[in-house]
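Enquirer: Below is one structure. I have some questions about it.
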Amino acid sequence: MEIITLHPANPDRRAISRAADALRDGKLVIYPTDTHPALAADGLNIKAVERLCRLKQINPERQSLTLVCDSISSAAQYARIDNVAFSIIKRNTPGAVTFILPPAPSMPKVYKGRKQVGIRIPDNPIALMLAEELGRPLLSGSLGTSDPSELEASVTLLLIDADAEYLDSVESSAIVDLMDSSEPVIVRESSRSLSL
């Protein structure tokens, strides 16, 4: 596993491009978010999605999958975002919030039959630039407080935020269920103040 340290506010575009190329090739990458570091796959590459799910021991038919997007307009290609949901997401992004939404009809085969999808637009320039450079959403699985080196054999690149300190005190994202946007439900709280 190659390790690349990036400036948190001004990441090296060439390094991000290399990571996006690795994702396009179906490889897995660890990258920083505004909470815990996460394992990423190209969210539209079926084999890469399956690899990430196996590695994270996720049953994609039973557990929620979260897509990291670089903007609400990008997210709207993969989730049904009505006007109310749009307003809620706009007020709370970018940030450490995952929104549970109905999937868009155009979702690729790997997501067919799913009743919901997680959407996140993180407040982290590296994560946003990686999703933008890839041009597709990142399927993202939080590493929590796990040591990224434990995944060395399965991961191609480890992107590190030069200023980040991956400590146990890093908080998980809030989760907001917008399946019925007229009645948003906070599934998991965080210290972040939400505007619903």
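Enquirer: Roughly what % of DSSP beta bridges within the chain run antiparallel, to the nearest 5?
Expert: If we restrict to bridges inside the chain, about 60 percent are antiparallel.
Enquirer: Using +1 on the beta carbon of Lys and Arg, -1 on that of Asp and Glu, and nothing else charged, what's the dipole of the stretch 1-57 about the Cα centre, debye to 20?
Expert: 160
Enquirer: Next question, about the same structure. Taking 8 Å as the Cα distance limit and 6 or more residues as the minimum spacing, I'd like the relative contact order of the chain as a percentage.
Expert: Contact order relative to length: 34 percent.
Enquirer: Could I ask something else about it? What value, in deg cm²/dmol to 500, does the helix sum -39500 (n - 2.57) over DSSP H runs of n ≥ 4 give at 222 nm once divided by the residues of the chain?
Expert: Computed mean residue ellipticity for the chain: -7000 deg cm²/dmol.
Enquirer: Residue-wise, which Karplus ³J(HN,Hα) couplings in Hz belong to the stretch 110-118, taking 6.51 cos²θ - 1.76 cosθ + 1.60, θ = phi - 60°, and x for glycine or proline?
Expert: 4, 9, 4, x, 6, 8, 8, 9, x
Enquirer: With no solvent and one point per C-alpha, what does the Debye sum give as log10 I(q)/I(0) for the stretch 96-196 at q = 0.19, 0.23 Å⁻¹?
Expert: So the normalised log intensities work out to -1.22, -1.42.
Enquirer: Would you mind counting up the charge near residue 183? Only other residues with Cβ under 13 Å from its Cβ, with Lys and Arg at +1 and Asp and Glu at -1.
Expert: -3
Enquirer: Same structure again: Please give the FRET efficiency for residue 149 paired with residue 182, using the beta carbon to beta carbon distance and R0 = 41 Å, rounded to the nearest 0.05.
Expert: It comes to 0.35.
Enquirer: Treating the angle as unsigned and between 0 and 90°, give the value, to the nearest 10°, between the Cα long axis of helix 46-56 and the longest Cα principal axis of the chain.
Expert: 80
Enquirer: Against the longest principal axis of the chain, how steep is helix 83-92, in degrees 0 to 90 to the nearest 10, with axes from Cα atoms?
Expert: That helix lies at roughly 40 degrees to the long axis.
Enquirer: On alpha carbon coordinates alone, what is the Rg over Rh value for the stretch 1-60, Rh being the Kirkwood radius?
Expert: Computed over Cα atoms, the ratio is 0.99.
Enquirer: Let's see if you can work this out: charge +1 on each Lys and Arg Cβ, -1 on each Asp and Glu Cβ, no other charges. What is the dipole magnitude of the stretch 64-196 about its Cα centre, in debye to the nearest 20?
Expert: That gives a dipole near 860 debye.
Enquirer: A follow-up question, please. Could you tell me how many degrees, from 0 to 90 and to the nearest 10, lie between the Cα long axis of helix 13-24 and the main elongation axis, the longest principal axis, of the Cα atoms of the chain?
Expert: For 13-24 against the chain, the angle is about 70 degrees.
Enquirer: If you don't mind, there's one more thing I want to ask. Using alpha carbons only, what's the Rg to Rh ratio of the stretch 27-90 with Rh from Kirkwood?
Expert: Here the Rg-to-Rh quotient is 1.00.
Enquirer: Please compute the Kirkwood hydrodynamic radius over the chain, one decimal place, Å, based on all pairs of different Cα atoms.
Expert: It works out to 16.7 Å.
Enquirer: Which residues' amide hydrogens lie under 5 Å from the amide hydrogen of residue 98, considering only partners 5 or more residues apart or on another chain, with H built in the peptide plane?
Expert: HN-HN under 5 Å from residue 98: 174, 175, 176.
None of the figures in this text is laboratory data; all of them are computed from the coordinates on show. Every value quoted in this text rests on a predicted model; they were computed, and no experiment measured them. With ideal geometry, Cβ positions are generated from the backbone for all residues, glycine too; neighbour counts draw on all protein chains shown.
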